[in-house]
Amino acid sequence: MANCRLTLLTGIVALSLALYGCGQSPSVPEGVFTRAAAGDPSILARMEQINQTLAGMGLNIAAEEIDFFTIGQGRPSNRIHQQPFRWVGNDLRRLAQGDGITYLVDQSDGKTASGLRNAQTEAAIDRATGTWQAEDCLKKLDIVKRADTGADPDIFDSFFGFGRFGNPFLADIVNAGWLPRAFFEAVGGPGGGRGILAFSVTFIFVDDDGVPTDINGDNYLDTALNEVYYNDTFGDRKGDRAGNPWGINIPLPGIDVETVALHENGHSLGLGHFGPPPDAVMNPVYAGIRHSPLPDDHAGMCAVWESWPK
Ligand SMILES: [Zn+2]
């Protein structure tokens, strides 16, 4: 329960900051962001290590937030700074496609132990992305799919020994596919492998001193990239989650790919967790099939995107 409460609080803070930013500028000095790390101390320490490694590689990006979507008990979100982050239109540092936001589905890890083929999971992710695109407040935003060329499009898995360090700028949002249980245990800590359905990790841009940038002066950290990882534990006949298989439009106790993809790509588009109550796509714990945004999801997207491009 402590975990659930913490997740709820983090979500409320994130949403109120987002809503606050809508009407007027938050009262922080320009270019200065407050470090107020929140979440699991061991995960935050690992994020700091990763960020030192990225700095050592000469890359001006840093892991900023990890949000876990779970079944059963919730897990706190993990974020480094107090202020939220936003995508910046036309940001050449991330090879932006104009004012659009690009996404990619990594087809090399698209099949599941429960028997889904890559084409099925990719189509479900595309439907989820299309649902967000259809939101009124996202009319000014083009969400553009980029083809998987076969090049490794993700980086976060490499820090845990589950893949190579790919090219982080093949697309803004990468749905990185279904990875083994051990990866989620390594990222989330004890119990993560059987409780975490998927997670979203967002990186921001930093300067050479590791300080977040704000090139458009909107008082939000500048989002660099977002990666989504799905846990292939569910439906693995050899494991204790065989009874919760990934499926397409599958009711509980199965896990519906489109529902999880809608939640995860909500993070990719800037939403944090909130509720329950109220019920929302962005609730931190899985509650069965949910293919349509609910009122607080609408409000959250409007708060983030109504001033786009900025
Ligand atoms: Zn989430």
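The values are calculated or read from the model by the stated rules, or taken from the named source; none is laboratory data. The structure presented is a predicted model; accordingly, all values stated were derived computationally and were not measured. Note that each Cβ is placed from the backbone with ideal geometry, even for glycine, and that neighbours are counted across all protein chains shown. To get the accessible areas, we keep the full protein, side chains included, count just its heavy atoms, and leave off ligands, DNA and RNA. Shrake-Rupley method; radii C 1.70, N 1.55, O 1.52, S 1.80 Å.
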Cβ contacts < 8 Å: first residue among the charged types (D, E, K, R), restricted to segment 126-151; second residue exposed (fewer than 12 other Cβ atoms within 10 Å of the Cβ), any location; separation 6+ or different chain. Result? ASP142/GLY98
Within segment 213-232, the residues that are open to solvent by 20 Å² or more (accessible area, probe 1.4 Å) and more than 30 Å from ASN244 (Cβ to Cβ) are THR213, ASP214, ILE215, ASN216, GLY217
Among the residues that make up segment 261-272, is at least one of them surrounded by fewer than 19 Cβ atoms within 10 Å (Cβ to Cβ) and among the charged types (D, E, K, R)? no
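Can you confirm whether GLY210 is on the phi > 0 side of the Ramachandran plot, touching a helix residue (DSSP H, G or I) at 6+ places or on another chain (Cβ under 7 Å), of a type outside the set (A, V, I, L, M, F, W, C) and open to solvent by 10 Å² or more (accessible area, probe 1.4 Å)?
Answer is yes for this residue.
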Test ALA171 against the criterion of being closer than 28 Å to GLN83 by Cα and part of a loop (DSSP other than H, G, I, E, B), and give yes or no. yes
Of all residues in segment 282-298 being in a helix (DSSP H, G or I) and surrounded by 20 or more Cβ atoms within 10 Å (Cβ to Cβ), which is farthest from the ligand (Cβ to nearest atom)? ASP296
Quick one: would you say ALA123 is closer than 23 Å to ARG146 by Cα, within 16 Å of the ligand (Cβ to nearest atom) and among the small types (Gly, Ala, Ser)? no
State yes or no: is ASP279 among the charged types (D, E, K, R), away from the ligand (no atom under 16 Å from the Cβ) and open to solvent by 10 Å² or more (accessible area, probe 1.4 Å)? no
All positions within segment 70-112 that are closer than 19 Å to ALA128 by Cα, open to solvent by 10 Å² or more (accessible area, probe 1.4 Å) and of a type outside the set (Asp, Glu): TYR103, GLN107, LYS111, THR112
Flag for LEU141 being over 18 Å from PHE69 (Cβ atoms) and touching a strand residue (DSSP E or B) at 6+ places or on another chain (Cβ under 9 Å): yes
Failed condition for PRO251, given (1) out of contact with any Gly (no Cβ under 7 Å at 6 or more places or on another chain); (2) open to solvent by 40 Å² or more (accessible area, probe 1.4 Å), with all others met? (1)
Inspect all residues belonging to segment 262-280 and state whether any of them is outside any loop (DSSP other than H, G, I, E, B), without any contact (Cβ under 8 Å) to a residue 60 or more places away in the chain, under 30 Å from SER114 (Cβ atoms) and not acidic (Asp, Glu). no
Exactly one condition in (1) open to solvent by less than 10 Å² (accessible area, probe 1.4 Å); (2) in contact with a strand residue (DSSP E or B) (Cβ under 7 Å, 6 or more places away or on another chain); (3) away from the ligand (no atom under 16 Å from the Cβ); (4) outside any strand (DSSP E or B) is false for ASN244; which is it? (1)
